[in-house]
Amino acid sequence: MPVVNTVNRRTLLSTGASLVTTGASFMLLPNVYAQLVQGGHHSDDEMQKCIQLSRDCHAMCTQTIAHCLKLGGRHATPDHIRLMVDCAQMCATSADYMLRESPFHDRICRLCSELCKQCGKDCEQVGGDDQMVKQCAEICRRCADSCERMASKVAA
């Protein structure tokens, strides 16, 4: 990818902003951006792992919401569904903040960790023997742990 080496941060950010304002997908840029950004206070591997776990948790919670609504009963209570929606949205937000290395990502990760922990506990209580809800609880716990590590890092 020779283009990656010739794109500077300002160009990338201005291109990203113009993509956002035109409604084009910004999700094509994270891998390029991750390769360009250096010198953060987290290791690149640690940050990339947390970004991926946040994305995975977002996807799992979103899929599990539909699954729980089909199951009905205790799986579809408003409080449970609302918590999964909050968790999914915060995971997506957390990944976005980390991707652009926002100076506020540690605070967002802290909140994401809290929501993921709560969502994981709630899924455990509601899930019973349902495998999908169990998987949701597990990815929420993993994401919570990773986000907690990101939140505990202090900028140098």
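The values are calculated or read from the model by the stated rules, or taken from the named source; none is laboratory data. Keep in mind it's a predicted model, so treat the numbers as computed, not measured. As a convention, Cβ positions derive from the backbone with ideal geometry for all residues, glycine included, and neighbour counts pool all protein chains shown.
The condition of being at pLDDT below 95 and buried (at least 21 other Cβ atoms within 10 Å of the Cβ) holds for only one of VAL126, VAL133, that being VAL126.
Residue by residue, here is whether (1) under 30 Å from SER43 (Cα atoms); (2) crowded, with 21+ Cβ neighbours inside 10 Å; (3) within 14 Å of the chain's Cα centre (by Cα); (4) not hydrophobic (A, V, I, L, M, F, W, C) holds:
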residue: VAL85; (1), (2), (3), (4): yes, no, yes, no
residue: MET90; (1), (2), (3), (4): yes, yes, yes, no
residue: THR93; (1), (2), (3), (4): yes, no, yes, yes
residue: ASP96; (1), (2), (3), (4): yes, no, yes, yes
residue: LYS121; (1), (2), (3), (4): yes, no, no, yes
residue: ARG142; (1), (2), (3), (4): yes, no, yes, yes
